[in-house]
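A.B. asks: First the structure, which I've put down as structure tokens, then a few questions once you've had a look.
The values are calculated or read from the model by the stated rules, or taken from the named source; none is laboratory data. Quantities reported herein were computed from a predicted structural model and do not represent experimental measurements. Positions of Cβ are generated from backbone atoms using ideal geometry, with glycine treated the same way; all protein chains shown enter the neighbour counts.
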4 protein chains.
Amino acid sequence: MNTKRFFASDNNAPIHPKVMEALMSVNSGHTISYGDDVYTKETEELFKKVFETEEIDVFFVYNGTGANVVALQALMYPFNAVVCAKTAHINVDECGAPEKQTGCKLLAMETPDGKLTTDLIAKTLHAIGSQHHSQPRVVSITQSTEMGTLYTIEELKEICDFSHKNNLFVHLDGARIANAAAALKCNFADITWKAGIDALSFGGTKNGLMFGEAVIFFNPSLAANVPFIRKQSAQLHSKMRYISAQYKAYFENELWRSNALHANKMAAILSEKVSKISAIKLTQKVQVNSVFATIPKEWIEPLQNKSFFYVWDDEKSEVRWMTAFDTTEDDIEGFVKLIENANGY
Amino acid sequence: MNTKRFFASDNNAPIHPKVMEALMSVNSGHTISYGDDVYTKETEELFKKVFETEEIDVFFVYNGTGANVVALQALMYPFNAVVCAKTAHINVDECGAPEKQTGCKLLAMETPDGKLTTDLIAKTLHAIGSQHHSQPRVVSITQSTEMGTLYTIEELKEICDFSHKNNLFVHLDGARIANAAAALKCNFADITWKAGIDALSFGGTKNGLMFGEAVIFFNPSLAANVPFIRKQSAQLHSKMRYISAQYKAYFENELWRSNALHANKMAAILSEKVSKISAIKLTQKVQVNSVFATIPKEWIEPLQNKSFFYVWDDEKSEVRWMTAFDTTEDDIEGFVKLIENANGY
Amino acid sequence: MNTKRFFASDNNAPIHPKVMEALMSVNSGHTISYGDDVYTKETEELFKKVFETEEIDVFFVYNGTGANVVALQALMYPFNAVVCAKTAHINVDECGAPEKQTGCKLLAMETPDGKLTTDLIAKTLHAIGSQHHSQPRVVSITQSTEMGTLYTIEELKEICDFSHKNNLFVHLDGARIANAAAALKCNFADITWKAGIDALSFGGTKNGLMFGEAVIFFNPSLAANVPFIRKQSAQLHSKMRYISAQYKAYFENELWRSNALHANKMAAILSEKVSKISAIKLTQKVQVNSVFATIPKEWIEPLQNKSFFYVWDDEKSEVRWMTAFDTTEDDIEGFVKLIENANGY
Amino acid sequence: MNTKRFFASDNNAPIHPKVMEALMSVNSGHTISYGDDVYTKETEELFKKVFETEEIDVFFVYNGTGANVVALQALMYPFNAVVCAKTAHINVDECGAPEKQTGCKLLAMETPDGKLTTDLIAKTLHAIGSQHHSQPRVVSITQSTEMGTLYTIEELKEICDFSHKNNLFVHLDGARIANAAAALKCNFADITWKAGIDALSFGGTKNGLMFGEAVIFFNPSLAANVPFIRKQSAQLHSKMRYISAQYKAYFENELWRSNALHANKMAAILSEKVSKISAIKLTQKVQVNSVFATIPKEWIEPLQNKSFFYVWDDEKSEVRWMTAFDTTEDDIEGFVKLIENANGY
């Protein structure tokens, strides 16, 4: 029994027990594969309730990169471009999957906090209509961002309005959308279709699921080709009930929200404690479940050896600490103690 | 509790209880993601034992299509071609994923039984060296085939020898390799690297696992780029322990073999029984866990309504019945009774 | 001064003198590049006249493969499939360019004469709507075919009607459309849009031009994205006037027709003469400018050494002889004499 | 007869008369197509002389974008990345052709003058070896740059040395390499393989040719797959003699150099004259045949109407004026007069 927990990533955490139970509960008898089973139908209905709309098409895929490339393929042609923040997962953490699988260019904009703005988007629009240049067609934002920051609902609306006026779709990478909704004390609908989002990569793996994310479209015309795109992208699971069942558990009694609230709260506690250590400086607002901070370079390796985490920016000596649904206050206390003693290593 | 079982596909079956237990057994504490965890390291060692070689590189991916496209990308350039049977899964059941993801052409050869031969491969080699033509570089065969037939070990060797002499790699689509090894009463090694196979898509989902297949290379030089290819193909799972754990259970006491032997045996029984019905004609040898047969056209729909299965060839009125690790003799009896009564529908 | 002419291919011929004159005639002063010049505008107007319609969008590209891949990209998504004859240039002579550049699968059908039929197309339609299978969306036919045969206008109409009824576009590879129109004594319109063709690769290089083919759409909605597709496919020429000027000459006094008629006539004469040699058997109807024939295997090499040509099918000892706009009756007489003496080599 | 000349682009110029003569000189008789003709063989030999090496593989393609995508495909895998300047033609002027055709990511670095430095390259190397990130494999620089600036021979060597030490190939986009060699008073060899360049897009169209560029490799092992890559990229011309002949003329008596020297000289004169106009500020060094300058916004449109040119940066009111091999001092005088009078428009 592995009882160790650390602060490297929320995907280092296990599966929530309720999710495991759900997997067991569907584990008998035969069901049609590839999503034509009752469990999947039921879960699709659940998505409608949770998202407060009938205008929603849900496609399960395997992981976040899969969700992003399926969504992007559905929204544009290879001669198009995606506007995103330089820190976006699609830009730096997917080994070029978006370029290879869509054929498109990413127009990655420098930001201080991982958040796109309408000003930044506007900068990419000068060449619309000229055959020499990749044509911007999708704005892709991440909520919560890779820097642990949040778009307010108003900011989302502003970006969506501006984008739609400029003939751009808005895609939301929601790998941590639960953390965002929990932090903003709102529902998924409020930060997706109600704000104008067209397509969503809906993540659960970082918040207690085993595998399986969802690509969601809020406009049926965008979803028509997705079954084929998903299959050709090798993202169609055969034994679909095992993804569907997880989401059923995830939505029951808002497990997603309690998991996310807890992770967020743990990050708040961690950040509060480390911010009292004078050699440490927080570099981003702590709005969800990550803490970005600069720490003395010589502390890093000894600390990592005791409790692993990632260096975010080597030059700045900036690290990232993440909390998860299963992080405990004891874990934090232990980790903070390690840091406090780092001087002596 | 769903207790229904039918004969549509082995991927309609649930997860073997031992596999579910294995998933629960790793469900605590944090582990590094993306395959750097102890469970995955242990499982990789297990693969070496099971395959009786240290010269093996194992990469977990999500599904069979994912395994195939990752393997093929590793073996060739976009200007190359893959020689395969017309009935190959890569040719007819992956919505063009191989073409899109590798850029290559498939040279799909007509066969009576899903099996390539050296004669068929030879037919594709006339344009080697001419810049106008896609250059054959990989022979992809399926064991057991999509038609439920088997290559003997000698046939495999002959194909591999011929291919290597002609500067072609041999890829084995092993979505049902367990059924093949069980039927041939041999080990995986005997029908892979010992016969000359260069790369293998190793499947488990059709034989009792939940998700996760493996791409395997028997020559380290072929595997060097695969980590990047896998990630760019959106086939790298974060919480890898949940794939690794399944394979650990799969290999323990040769669960894979007992599952496959059982499924094969059930198909043998089913085929024996249906072959006694005069209106039914078997169209392929029953060597593993599928039964191909022509049946009166008017029987099909009423039968499907009672116990779903797929029509294989509409024109010929040919159907496919598959057994799985959990098929029972009672299931067969019940199904055969349905067929026998079909006359009356 | 090279005065040798042989029967290997119509693209072995030089440029028609009128075309060279046209190139010289535009060779002064500056013009806007990439097609915004007056010469190109004028030529686009000419196309409207020649094709007898205002509903035509013309995009110059570099070569036939370029024309084909630009056209196909405009007509479908990567999860689609193209139905074509097995002998189609897109299937066997473009080193997999269609697969790589469109991401699509080619469904290549066996034919005796290079001609698709509605029966053959119908065979590919069984899986429409199923996410597991590449979805047929384009029928691509060649006129005149790679086997030197012709579709009648009625056959074209039948294919187009059938295709449109089944939600398929029809693309015509017109690398030798001039030879076809000349042979059928009709205009381009009669064998393109009037018969129902949606998109056309319009060739000139094999009939007296230097470089530059055209992709043509007969429905503006299909053409909207083509400027971007062409540029991204590296098929947009900067000094466009040098392509436009050639087409101006090509259309003047129907140079295309007189060139093609001449080439066709030369093939007719050649075929008549060789068909009298008892060891030679014509294998295809001679309808345009190629002669396919089986000849004694031992004749081939000595003959090639004296006057080069291509072997079409090694096994059958089938060769292809082509005539061009500049072939003379003397050339034929000389070549036939070589053949007649082949016995003695 | 069009006698107008303007300052929009060097590709607005016509063909040099010597090049046209060369085209006519090869315009008789039949020759094998696709590069197996004597003219092409001779020209390939000429390249060896001009580049002062036997270690050179030359592949003719259609245009600069074609040259770049063929070169890049030969140098890397889809999971790789290309480091380039943000202003690079491959990054901003090819409608995403590099991304679509190679599958790779471009890592485009901000520069003041279009020139990469080893410091900028170094910034992209932190993630080498990590499967999550596109792996830099090629550095692509342009000589002369898109900003009309030059790398010194020493700077080229430094970049190549640094790149090779870091396992990166260096590709040179030489769309205007003639202007560079002329300005640096050196030979092509000095700024290519002698400096360490691995692959070269060798341009001629902007310096007096009609069509056809060359992809050149200085290491045979890099060139082995290029015939297939070129064909699959739709960049293989059939009537190759018409490209080869142009290059023969281009190299004779160093026509390339006299053309380039002239164009460069005209830019020097133009820049000298406009720099005396107080409302105009040069924004880049004038090292070859372009002049970048900021001019009063209200002058732009009236000036363009009289003599067309491109705005480079709308916000800064920066324009680009280019000279060509046929620009005359009279042309410049006339244009400068127009500018001087712009105040009055």
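A.B. asks: Restricting the search to segment D:23-58, which residues are among the polar types (S, T, N, Q) and more than 8 Å from chain C (Cβ to nearest Cβ)? Walk me through it before giving the result.
C.D. replies: Step one: filter segment D:23-58 for residues among the polar types (S, T, N, Q), giving D:25, D:27-28, D:31, D:33, D:40, D:43, D:53.
Answer for segment D:23-58, where residues must be among the polar types (S, T, N, Q) and more than 8 Å from chain C (Cβ to nearest Cβ): D:Ser25, D:Thr40, D:Thr43, D:Thr53.
A.B. asks: Just a yes or no: is a residue in segment D:250-261 over 15 Å from the mean Cα position of the chain (by Cα) and farther than 28 Å from D:Ala324 by Cβ? Steps first, please.
C.D. replies: Initially, segment D:250-261 is screened for residues over 15 Å from the mean Cα position of the chain (by Cα), giving D:250-255, D:258, D:261.
From the residues that got through so far, the ones that are farther than 28 Å from D:Ala324 by Cβ too are none.
Checked against the condition, which is being over 15 Å from the mean Cα position of the chain (by Cα) and farther than 28 Å from D:Ala324 by Cβ, segment D:250-261 yields no hits at all.
A.B. asks: Any chance segment B:75-87 includes a residue that's touching a Lys or Arg at 6+ places or on another chain (Cβ under 8 Å) and under 20 Å from B:Arg176 (Cβ atoms)?
C.D. replies: So in segment B:75-87, the residues touching a Lys or Arg at 6+ places or on another chain (Cβ under 8 Å) come out as B:75-82, B:85.
Narrowing further to those that are under 20 Å from B:Arg176 (Cβ atoms): B:82, B:85.
Looking for residues that are touching a Lys or Arg at 6+ places or on another chain (Cβ under 8 Å) and under 20 Å from B:Arg176 (Cβ atoms), one finds at least one in segment B:75-87, hence yes.
A.B. asks: Is there a residue in segment B:71-83 that is more than 14 Å from chain C (Cβ to nearest Cβ) and either modelled with pLDDT under 95 or crowded, with 24+ Cβ neighbours inside 10 Å (or both)?
C.D. replies: Within segment B:71-83, one or more residues are more than 14 Å from chain C (Cβ to nearest Cβ) and either modelled with pLDDT under 95 or crowded, with 24+ Cβ neighbours inside 10 Å (or both).
A.B. asks: Here is a follow-up. Consider B:Lys206 against the criteria (1) among the charged types (D, E, K, R); (2) part of a helix (DSSP H, G or I); (3) surrounded by fewer than 19 Cβ atoms within 10 Å (Cβ to Cβ): it satisfies all of them except one. Which criterion is unmet?
C.D. replies: With respect to (1) among the charged types (D, E, K, R); (2) part of a helix (DSSP H, G or I); (3) surrounded by fewer than 19 Cβ atoms within 10 Å (Cβ to Cβ), B:Lys206 is out only on (3).
A.B. asks: I would also like to ask the following. Could you say whether any residue in segment C:239-250 is crowded, with 22+ Cβ neighbours inside 10 Å, in contact with a Pro (Cβ under 9 Å, 6 or more places away or on another chain), in contact (Cβ under 8 Å) with a residue 60 or more places away in the chain and within 14 Å of chain A (Cβ to nearest Cβ)?
C.D. replies: No: zero hits.
Yes or no, residue by residue, for (1) in a loop (DSSP other than H, G, I, E, B); (2) touching a Leu at 6+ places or on another chain (Cβ under 7 Å); (3) outside the structural domain of C:Tyr242 (by TED's automatic domain parsing):
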site: C:Lys4; (1), (2), (3): yes, no, yes
site: C:Asn11; (1), (2), (3): no, no, yes
site: C:Val19; (1), (2), (3): no, yes, yes
site: C:Phe60; (1), (2), (3): no, no, no
site: C:Gly66; (1), (2), (3): no, no, no
site: C:Asn91; (1), (2), (3): no, yes, no
site: C:Cys95; (1), (2), (3): yes, no, no
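A.B. asks: Something else about it: Small (Gly, Ala, Ser) and under 26 Å from A:Ala182 (Cβ atoms): which single residue out of A:Ala214, A:Ala234, A:Ala224, A:Ala279 fits that description?
C.D. replies: Unique residue meeting the criteria: A:Ala214.
A.B. asks: So which residues in segment C:31-48 are under 14 Å from C:Tyr247 (Cα atoms), over 24 Å from the mean Cα position of the chain (by Cα) and hydroxyl-bearing (Ser, Thr, Tyr), if there are any at all?
C.D. replies: C:Tyr39
A.B. asks: Go through segment C:21-43 and give me each residue that's outside any loop (DSSP other than H, G, I, E, B), among the charged types (D, E, K, R) and touching a residue at least 60 places away in the same chain (Cβ under 8 Å).
C.D. replies: If the condition is that a residue be outside any loop (DSSP other than H, G, I, E, B), among the charged types (D, E, K, R) and touching a residue at least 60 places away in the same chain (Cβ under 8 Å), then C:Glu21, C:Glu42 are the ones that fit.
A.B. asks: Within segment D:290-302, is even one residue closer than 26 Å to D:Ala180 by Cβ and either at pLDDT below 95 or surrounded by fewer than 16 Cβ atoms within 10 Å (Cβ to Cβ) (or both)?
C.D. replies: Checking segment D:290-302: not a single residue is closer than 26 Å to D:Ala180 by Cβ and either at pLDDT below 95 or surrounded by fewer than 16 Cβ atoms within 10 Å (Cβ to Cβ) (or both).
A.B. asks: Within the group C:Ala108, C:Ala127, which residue is in a loop (DSSP other than H, G, I, E, B), in the same structural domain as C:Leu200 (by TED's automatic domain parsing) and of a type in the set (A, V, I, L, M)? Outline the logic, then answer.
C.D. replies: Working: C:Ala108 fails: in a loop (DSSP other than H, G, I, E, B).
Criteria check complete, one pass: C:Ala127.
A.B. asks: Next question, about the same structure. Looking at segment A:294-345, which of the residues that are in contact (Cβ under 8 Å) with a residue 24 or more places away in the chain and touching a Pro at 6+ places or on another chain (Cβ under 8 Å) is nearest to the other protein chains (Cβ to nearest Cβ)?
C.D. replies: The qualifying residue nearest to the other protein chains (Cβ to nearest Cβ) is A:Asp326.
A.B. asks: What residue, among those in segment C:216-238 that are more than 14 Å from every other protein chain (Cβ to nearest Cβ) and in a helix (DSSP H, G or I), is farthest from C:Trp193 (Cα to Cα)?
C.D. replies: C:Ser221
A.B. asks: I would also like to ask the following. Tell me yes or no: at least one residue of segment C:112-119 is touching a Leu at 6+ places or on another chain (Cβ under 9 Å), away from chain B (no Cβ under 11 Å), farther than 21 Å from B:Asp314 by Cα and in a loop (DSSP other than H, G, I, E, B). Let's see the steps before the verdict.
C.D. replies: The first filter runs over segment C:112-119 and keeps only residues touching a Leu at 6+ places or on another chain (Cβ under 9 Å), leaving C:115.
Those left that are additionally away from chain B (no Cβ under 11 Å): C:115.
So of that shortlist, the ones also farther than 21 Å from B:Asp314 by Cα come out as C:115.
If we keep only those that are in a loop (DSSP other than H, G, I, E, B) as well, we get C:115.
The answer is yes; a qualifying residue exists.
A.B. asks: What number of residues within segment D:152-173 are part of a loop (DSSP other than H, G, I, E, B) and surrounded by fewer than 24 Cβ atoms within 10 Å (Cβ to Cβ)?
C.D. replies: So the count comes out to 3.
A.B. asks: May I ask you to verify whether B:Ala180 is within 22 Å of B:Lys49 (Cβ to Cβ), touching a Ser or Thr at 6+ places or on another chain (Cβ under 7 Å), of a type outside the set (Phe, Trp, Tyr) and not in a loop (DSSP other than H, G, I, E, B)? If you could, list the steps in order and put the result at the bottom.
C.D. replies: Numbers: within 22 Å of B:Lys49 (Cβ to Cβ): yes; touching a Ser or Thr at 6+ places or on another chain (Cβ under 7 Å): yes; of a type outside the set (Phe, Trp, Tyr): yes; not in a loop (DSSP other than H, G, I, E, B): yes.
The answer is yes for B:Ala180.
A.B. asks: A follow-up question, please. State which residue is farthest from C:Tyr247 (Cα to Cα) when the search covers only segment C:1-22 and only residues that are crowded, with 22+ Cβ neighbours inside 10 Å and more than 7 Å from every other protein chain (Cβ to nearest Cβ).
C.D. replies: Here the residue is C:Phe7.
A.B. asks: May I ask you to list pairs of residues, at least six apart or on different chains, whose Cβ atoms are under 8 Å apart, with the first in segment D:98-111 being within 7 Å of another protein chain (Cβ to nearest Cβ) and more than 10 Å from D:Ala81 (Cβ to Cβ) and the second being in a strand (DSSP E or B) and not hydrophobic (A, V, I, L, M, F, W, C)?
C.D. replies: D:Glu99/A:Lys105; D:Glu99/D:Lys105
A.B. asks: What single numbered condition from (1) surrounded by fewer than 24 Cβ atoms within 10 Å (Cβ to Cβ); (2) more than 9 Å from chain D (Cβ to nearest Cβ); (3) touching a strand residue (DSSP E or B) at 6+ places or on another chain (Cβ under 9 Å); (4) of a type outside the set (Val, Ile, Thr) fails to hold for A:Pro136?
C.D. replies: Among (1) surrounded by fewer than 24 Cβ atoms within 10 Å (Cβ to Cβ); (2) more than 9 Å from chain D (Cβ to nearest Cβ); (3) touching a strand residue (DSSP E or B) at 6+ places or on another chain (Cβ under 9 Å); (4) of a type outside the set (Val, Ile, Thr), A:Pro136 violates only (1).
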